[in-house]
Structures are given as C-alpha cells and as structure tokens.
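The values are calculated or read from the model by the stated rules, or taken from the named source; none is laboratory data. Given the structure is predicted, the values throughout are model-derived calculations rather than measurements. Quick reminder, even Gly has a Cβ in these numbers, built from the backbone with ideal geometry, and neighbours come from all protein chains shown.
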Amino acid sequence: MRILYLAWNYLRVGVLNEFQYRVNFFVQLGQSLVALSTGLIGLWLVFSHTEELNGWSQPELLAVMGVFVMMNGLIQSYIQPNMTRLLGEIQDGTLDFALTKPADAQVLASVREFRLWSLADVIVGMIVLLIGINQYTGTVGPWQALGFLVALLMGGLLIYCFWLIITTTAFWVIRIDQIVNLFEGIYAAGRWPVSIYPNWLRLSLTFLVPVAFAVTVPASALLNRLTPATLLGTAGLTLAFLVVARIYWRIGLRNYSGASA
Amino acid sequence: MRRMLDYFLTSMKVAVLIEFQYRVAQYFYMIGMMAEPVIYLVVWSTIANSQGGSVGGYTATGFAAYYIVWTLVRNMNIVFTPYGWEWRIRQGRLSMELVRPIHPIFSDISFFSGMKIVVIILWLPLALLLSLVFKPELHPTLLEVVVFFFAIWGAFLIRTMLVSLLGMITFWTTRVGAIYELFFAVELVLSGRLVPMTLMPAWVQQIAWYLPFQWCFYFPIQALVGSMTPAELFTGLGLQLFWILVGTLFVNVVWKLGIRQFSAVGG
C-alpha cells in the first residue's frame, strides 16, 4: 500500500512539473503526428503492392501500429525516463540520495520520473487503434477488450523488467549510454507483427527483447488471434521476469560502491 | 592550401584515434541502426515472395542487396547533427571555434571524414554477417564500384551541407526540434531510405528527382545494386556535384547572415 501511495505522490509531482510547460504538449503532439505519418506512409506503400502481409490484413496491421504507438507513449513517459535517470545516477554516484531514503530502492528508482506530455503518443495510438478496429471485420467484444488490457499491462511490465535488467548491468560496466539508441532501434521492429520475421529474429524479439509481448500479443488479443494458453503463458513469463529482475537488482545493488556525491 | 590539407589530415587522424577508443559504443550504435533496414528488408522480401517473386523490380535477394548496401550509405550520411548545431550555438561553444583560423564547417568535415574510415572498418564484419543471413544478389561492374566509391563521399558532402543549413536555423530561433523532425521525416520518404524509389508512385519519384535527398541515398545504393547505364551513372555524379555546389553556396550565404545574429559570450 505504501508503495502505491509513494508512486501516486511522485506521479502527482511529475504532473505538476509538466504543467509548467504546457506548450510542450503541442510540440510533443506535433512530433507524434510526424512519426505517425511516416509509419502510415510505410503501411500504405506495403498495401499498394499487396493485399495482405503474411496473413495480416490492412485493418489488422493498423491496429498493431496503434498498439505500437500507444506502448511507445507509455515507455517514453514512464519507463524510459526513470531508467535513464537511474543510469545517470549510477554513473555519477548520486544514487546515494535515493538509497538513503526509507523506502524500497527498486520501487523508488522506478517511479520518480513522469513525462506527462509523452502521453500524446498514447492518445494518437488509441485513435489509430480505434480506426483499425472499426475497419476490422471480426467481432471485438468485452472479452477481447479485457484480454487486450491484461496483455497490455503485462507487456508494459515485461518492458519495464527488460529495462531494469539492462540498467542494473550498469552497476558493473558503468558506461552503457548507447543503450537507449539500441533499444529504440529494436523496439521499432514491433511496428509489424513479429510473426513476419525469420525464426531467429522472432525468438530474440520474444525472449531477448520482449517486443512481441509489448505489441503483438496485446494486438492479437483484440483481433481474436490469441488463445487463452498464450495469455496464461505471458502471465507466467511476466511473473518470472519480475522475480529475475528483482534478484538481479539486489545483486547489482550490492556491487554499488557509491561515490559520496 | 597546404596548411588546409595538413589540418584536414591531422584532424582525420585524431578522429580515427578517438573513434577507435570507443568501438564498443560504436557497435552498440551500429547494431541499433541495423535494426531499421532489417525490418524493411523482412517486410519487403515477404511481399516480394507473396507477389510471385518480385515487386517494383526487386526480388527478395535484390532487396537484401539494397538494404545491406543501405547500411553503409546510411553510415556515410551521418554528419554533425543539427542538434549539435543547436548545442553549439545556444551554449556559445561556437565562440571558441570562431577564433580559430579555420571555418567550423571545414573542421566538421575533416573530423567526420576520419570517423568514416573507422565506421567502414567496423561495418565490414556486420555487413558480412548480414550477407550470410540474407544472401544478397550483387554483381557490380568495375565502373559501378568506382562510381559507388565517389558517390558515397558525394552523399556525405551533400548531407553535410543540408544538415548544416538546417542546424544554422538555430541562429534565429532556439525551438528547432520540431523542424528537425519534420525534415527527417520528409527525407526518410524521399531519399530511398524507407523503400527503393521504384516502389513509390510515379509522381513521388518525379518530385524526388528534383530534390537533393535521393542523391544522398538512393543514387549511391542504386549505383552499386541496380543496373544503371554509364550515362545514368555519370548524370547522377553530375547532379551530386551540382547539389554540393548549391549547398556550399547556400551554407556560405546563411553563415554570413547568421553569424551577425550570434552574440554568445564565453564558451
């Protein structure tokens, strides 16, 4: 309970901070729209040469792109800012300030930052998703919507675990600032359903970098392409990742020597 | 002239030494960058296979060749970023460079030329790996190889001019992020970075021909991968030269106007 209270308070402060710079929302929205147009141009080019991509129709791919943009907004607003801040603090030794606070260090390190305006992507993505679903010929009922929300939550948690594990590695190797570039490059693969990729790539996108669970699985839940077994498997994997990330974080933290900043 | 050449070579050497120190960081960066063409390649070879083997004149192996050469051309297209210009102007770092007897753009070009040597060396194993995985089909003639060699350096110079022009907008306004994003989006579509230009509708190809973007990207790739006639190859090089000259002219004019606006202290 205390954890939720803490997260809520940091969230509130984050929102208040962002409200000082309201114009940034429109700048962010503009950038989201530019990024979306290039994505849509890509999609349109694909469908000007073919009817379907590996069994996925145009409305379905539009829905996948919507989920991709939404998840990107969540990552950019909540997961990535916290992790890059943590990364910087491990490098500079200023993590001391967080560690001395009377709260769980992992939770604290994961909730301190919140970029409200990056949620512009979530709005834009949701609109794209709704347009895709609207053109989709299958049925989308409350069960699919529920499955989608659960899968989206688990996808977000998996991406968080992935980021935490990578960031924790900084306790040993210190300099991994190119990691943001690397992640963004690989995450872009989620724009398309992972089933189109060759085996080795699909497996890496599923278990090495959980892009498949972040985008393809939630979208599949909406589009009647998901069996309950997969959803259950995703839940198991999420739990496993949470535990592993936690253990890894504890080991890494023991390695941290601070710098008395 | 001799002094300039001397500076150029020394600066290149320094760049080579610096960049080799950070080869792991360079690799991280490159692998992140490779994800983009691999995604395009997978999508388009899937389409080529489902359309009876080829689309827009490219087979799956043709796309493999296109997007693997793409990775080298993309690396050659990396120049001092407009965000770097923003930082340089806003923070007043430019003052320091202004007191030197060398034009800042000239020093950018020499540093980045050195960096390209490191990039090409580090790129080779990655290209080999990609070739083993995707099996590209590539049989260039000697002339095509020679033209390609000059074309990638031409591309580097054109893009330096374009991006410097973009960066110098910061002389007048400091909120430039959105303008840059827009520029990169237009470039992505019209340069051949997203897809080979032949997959674009005819009217887009028409427009792109008159703009500099595709001469930095599509033309060098196509020189090596496609089957262009010697006349087309030399027309391409000629147009590159044209854009380098136009770019240099504009950079000089904008620089002269912009530098009057510049009023930073310190740096």
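Residue check: residue B:73 meets all listed conditions (1) within 14 Å of chain A (Cβ to nearest Cβ); (2) under 30 Å from residue B:137 (Cα atoms) but one, namely (1). Taken over the range A:57-74, the criterion of being surrounded by 20 or more Cβ atoms within 10 Å (Cβ to Cβ) and within 22 Å of residue B:48 (Cα to Cα) is satisfied by A:60, A:61, A:62, A:64, A:65.
Pairs are defined by a Cβ separation below 8 Å, a sequence spacing of at least 6 or placement on different chains, a first member in the range A:128-146 that is over 15 Å from residue A:70 (Cα atoms) and touching a residue at least 24 places away in the same chain (Cβ under 8 Å), and a second member that is surrounded by fewer than 13 Cβ atoms within 10 Å (Cβ to Cβ) and hydrophobic (A, V, I, L, M, F, W, C); no pair meets this definition.
Among the residues of the range B:117-137, what is the count of those that are of a type in the set (Val, Ile, Thr) and closer than 14 Å to residue B:27 by Cα?
Step one: of the range B:117-137, the residues of a type in the set (Val, Ile, Thr) are B:117-121, B:133.
With the extra rule that they be closer than 14 Å to residue B:27 by Cα, the set shrinks to B:118-121.
Matching residues across the range B:117-137 total 4.
The helices (runs of 4 or more DSSP H) found entirely in the range A:116-173 that carry 3 or more residues being within 14 Å of the chain's Cα centre (by Cα) are A:120-135, A:142-168. The residue that is modelled with the highest pLDDT, counting only those in the range B:118-142 that are touching a helix residue (DSSP H, G or I) at 6+ places or on another chain (Cβ under 6 Å) and under 27 Å from residue B:242 (Cβ atoms), is B:140.
For the range B:184-196, a residue qualifies if it is within 14 Å of the chain's Cα centre (by Cα) and farther than 15 Å from residue B:40 by Cα, and the qualifying residues are B:184, B:187, B:190.
Name the residue, out of A:67, A:107, that is part of a helix (DSSP H, G or I), modelled with pLDDT under 90 and β-branched (Val, Ile, Thr). Walk me through it before giving the result.
On the way: A:67 fails: modelled with pLDDT under 90.
Result of the check over A:67, A:107: A:107.
Each residue in the range B:26-47 was checked for being over 20 Å from the mean Cα position of the chain (by Cα) and facing chain A (nearest Cβ under 9 Å), and 5 of them qualify. In the set (1) hydrophobic (A, V, I, L, M, F, W, C); (2) assigned to a helix (DSSP H, G or I); (3) under 22 Å from the mean Cα position of the chain (by Cα); (4) surrounded by fewer than 21 Cβ atoms within 10 Å (Cβ to Cβ), the condition left unmet by residue B:78 is number (2). Pairs meeting the criteria (first residue in the range A:186-204 and at the interface with another protein chain (Cβ under 10 Å from one of its Cβ atoms), second residue modelled with pLDDT under 90 and outside any helix (DSSP H, G or I), beta carbons under 6 Å, at least 6 apart or on different chains) are A:186/A:209; A:196/A:54.
Just checking, does the range B:131-144 include any residue being within 18 Å of the chain's Cα centre (by Cα) and either part of a helix (DSSP H, G or I) or buried (at least 17 other Cβ atoms within 10 Å of the Cβ) (or both)?
no
If you check residue B:152 against the conditions, is it in a helix (DSSP H, G or I) and crowded, with 19+ Cβ neighbours inside 10 Å?
The answer is yes for residue B:152.
Screening A:164, A:158, A:152 for residues that are surrounded by 20 or more Cβ atoms within 10 Å (Cβ to Cβ), more than 13 Å from chain B (Cβ to nearest Cβ) and either in contact with a Lys or Arg (Cβ under 9 Å, 6 or more places away or on another chain) or among the small types (Gly, Ala, Ser) (or both) leaves exactly one candidate, A:164.
Given the condition touching a His at 6+ places or on another chain (Cβ under 9 Å), farther than 30 Å from residue A:36 by Cα and either crowded, with 19+ Cβ neighbours inside 10 Å or touching a residue at least 40 places away in the same chain (Cβ under 8 Å) (or both), answer yes or no: does some residue in the range B:235-258 qualify? Yes, the range B:235-258 contains at least one residue that is touching a His at 6+ places or on another chain (Cβ under 9 Å), farther than 30 Å from residue A:36 by Cα and either crowded, with 19+ Cβ neighbours inside 10 Å or touching a residue at least 40 places away in the same chain (Cβ under 8 Å) (or both). Taken together, B:78, B:47 contain a single residue that is touching a Ser or Thr at 6+ places or on another chain (Cβ under 8 Å) and among the β-branched types (Val, Ile, Thr), which is B:47. Out of B:248, B:174, one residue alone is on the phi < 0 side of the Ramachandran plot, hydroxyl-bearing (Ser, Thr, Tyr) and within 14 Å of chain A (Cβ to nearest Cβ). It is B:174.
Only residues that are closer than 28 Å to residue A:173 by Cα and over 21 Å from the mean Cα position of the chain (by Cα): list them for the range B:4-17, please.
Of the range B:4-17, the ones closer than 28 Å to residue A:173 by Cα are B:14-17.
B:14, B:17, listed by residue number.
Can you tell me which residues in the range A:201-224 are in contact with a Phe, Trp or Tyr (Cβ under 9 Å, 6 or more places away or on another chain) and not in a helix (DSSP H, G or I)? Hits for the range A:201-224 are A:209, A:210, A:223.
Considering the range A:205-261, the residues that are among the hydroxyl-bearing types (Ser, Thr, Tyr) and farther than 22 Å from residue A:148 by Cβ include one that is nearest to the chain's Cα centre (by Cα), namely A:248.
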